[in-house]
Amino acid sequence: MKALVVYSSKTGNTRMIAEAIYEILDTDKEIYPVEVAPEPDDYDFIAVGFWVNRGQPDYRAKTYMEKIKNKKVGIFGTLSAYPTSKHARLALASARKMLNGNEILAEFICQGKLDPAVLERMPKDKTHEMNSYRKKMFEEAQKHPNETDCLYAQAAFKDAVAELLSE
Ligand SMILES: Cc1cc2nc3c(=O)[nH]c(=O)nc-3n(C[C@H](O)[C@H](O)[C@H](O)COP(=O)(O)O)c2cc1C
């Protein structure tokens, strides 16, 4: 069984989760940033990671996901919103749609710190208004991904791959 971890990461948050997942894959395995990732065809299981850009998996991850056909896959992502928010749910749903036709065995999403300069540049409209809810959300995001996020990501992927190995 050959496993591949591919991640798209601008500031390192998604890379951290990718490396945690890679670490517990108890099989023949490879890990690459999406920019230099090989074609997915030769692998039995592909874990693909994205960062959320305007509510969607980022463009590089999306382009890679669209190349994966008839595979067993896992998806993981990071975003500044809470992992239990509707925003996170929609981002995951969108990734699922991009991977249509593949069998999804594991999913994971967690918060990831946001560059303060990006926060400064956010549109000052109603959706992005800095109220107390959003302030707390960004403060929390600054603490992630942390060690617990990595453990949860490992838990999400470990059993999926163990099942594959026992087939
Ligand atoms: C241009 C840009 C757009 C973003 N859009 C969203 C978004 O729509 N929703 C969200 O929750 N986080 C958003 N974020 C935050 C990132 O998804 C988050 O910080 C992520 O952990 C970055 O991952 P990385 O370090 O792997 O690049 C955005 C960040 C940037 C730079």
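The values are calculated or read from the model by the stated rules, or taken from the named source; none is laboratory data. Nothing here was measured: the structure is a model prediction, and the numbers come from that model. Note that each Cβ is placed from the backbone with ideal geometry, even for glycine, and that neighbours are counted across all protein chains shown. Remember, those area values only see protein heavy atoms, side chains included, never the ligands or the DNA or RNA. Shrake-Rupley method; radii C 1.70, N 1.55, O 1.52, S 1.80 Å.
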Residue that is modelled with the lowest pLDDT, among those in the stretch 19-36 that are open to solvent by 60 Å² or more (accessible area, probe 1.4 Å) and closer than 11 Å to Lys158 by Cβ: Asp26
Restricting the stretch 95-117 to residues that are within 14 Å of the ligand (Cβ to nearest atom) and over 17 Å from Thr14 (Cα atoms), the residue that is least open to solvent (accessible area, probe 1.4 Å): Ala117
Count of residues meeting criterion [over 19 Å from Pro57 (Cα atoms), in contact (Cβ under 8 Å) with a residue 60 or more places away in the chain and assigned to a strand (DSSP E or B)] in the stretch 1-47: 2
Check on Leu79, over 22 Å from Leu165 (Cα atoms) and open to solvent by 30 Å² or more (accessible area, probe 1.4 Å): no
Number of positions in the stretch 137-167 that are within 16 Å of the ligand (Cβ to nearest atom), surrounded by 15 or more Cβ atoms within 10 Å (Cβ to Cβ) and among the charged types (D, E, K, R): 1
Thr78 being touching a residue at least 60 places away in the same chain (Cβ under 8 Å), under 20 Å from Asn146 (Cα atoms), assigned to a strand (DSSP E or B) and not charged (D, E, K, R): yes
The stretch 37-70 - residue that is open to solvent by less than 10 Å² (accessible area, probe 1.4 Å) and small (Gly, Ala, Ser) and, of those, farthest from Ile17 (Cα to Cα): Ala61
Single condition Val73 does not satisfy, out of (1) within 16 Å of the ligand (Cβ to nearest atom); (2) part of a strand (DSSP E or B): (1)
Residue count, the stretch 48-63 (criterion: outside any strand (DSSP E or B) and either more than 21 Å from Gly12 (Cβ to Cβ) or not charged (D, E, K, R) (or both)): 4
Only listed residue being over 13 Å from the mean Cα position of the chain (by Cα) and either charged (D, E, K, R) or within 16 Å of the ligand (Cβ to nearest atom) (or both), chosen from Ala37, Ala20, Ala61, Ala47: Ala37
Breaking point among (1) at pLDDT below 95; (2) open to solvent by less than 90 Å² (accessible area, probe 1.4 Å), for Val73: (1)
Which listed residue, of Gly12, Gly49, is of a type outside the set (Lys, Arg) and within 19 Å of Leu92 (Cα to Cα): Gly49
Subset of the stretch 118-136 (residues that are more than 12 Å from the ligand (Cβ to nearest atom) and either in a loop (DSSP other than H, G, I, E, B) or open to solvent by less than 70 Å² (accessible area, probe 1.4 Å) (or both)): Lys124, Asp125, Lys126, Glu129, Met130, Asn131
